[in-house]
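In what follows, a structure is listed as structure tokens, so that the remarks can point back to it.
The values are calculated or read from the model by the stated rules, or taken from the named source; none is laboratory data. Computed from a predicted model, the values in this text were never measured in an experiment. A quick note on method: Cβ atoms are made from the backbone with ideal geometry, for glycine too, and the neighbour counts reach across all protein chains shown.
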Amino acid sequence: MKKILCIALLIIATLASAQDKKENQESKIVEASCGQCQFAMTGHGCDLAVRIDGKSYFVDGSSIDSHGDAHAKDGFCAAVRKAKVTGYIVNQRFVATSFELLPEKKKTEQK
């Protein structure tokens, strides 16, 4: 009986901790791009990465192909873009609970 009670308390504590982590997440604007092509990260192929406070992290929870053609003129392999993200860092990876690619700012013509 004591073992069951201990296990139940452990599960409740774990769930409460996970819920607190998700509720305390705030969206932030970060740089997003291909980790290998633009952020000089070591990896295999082209993978989505974000740069937060000057440090780059590969992304779990969203993929490079979920946001258009990575090899297009404005794609992640050719450009660094801004994204609004929510998530947390685990084992040197960014676990995204939301990932919204922001539209590029249009360059104004100089006269």
Those residues of the stretch 79-109 which are among the β-branched types (V, I, T) and either without any contact (Cβ under 8 Å) to a residue 60 or more places away in the chain or on the phi > 0 side of the Ramachandran plot (or both), in sequence order: V80, V85, I89, V90, V95, T108
Within the stretch 43-71, tally of residues that are surrounded by 14 or more Cβ atoms within 10 Å (Cβ to Cβ) and either on the phi > 0 side of the Ramachandran plot or acidic (D, E) (or both): 3
Subset of the stretch 72-104 [exposed (fewer than 13 other Cβ atoms within 10 Å of the Cβ) and over 11 Å from A32 (Cβ atoms)]: A72, K73, D74, I89, V90, N91, Q92, P103, E104
Filter result for I4 (aliphatic (A, V, I, L, M) and at pLDDT below 90): yes
Residue that is nearest to Q92 (Cα to Cα) [pool: residues in the stretch 25-64 that are modelled with pLDDT under 90 and under 14 Å from the mean Cα position of the chain (by Cα)]: Q25
Sole residue being at pLDDT below 90 and charged (D, E, K, R), chosen from K82, K106: K106
Total residues in the stretch 22-59, condition part of a loop (DSSP other than H, G, I, E, B) and out of contact with any helix residue (DSSP H, G or I) (no Cβ under 8 Å at 6 or more places or on another chain): 17
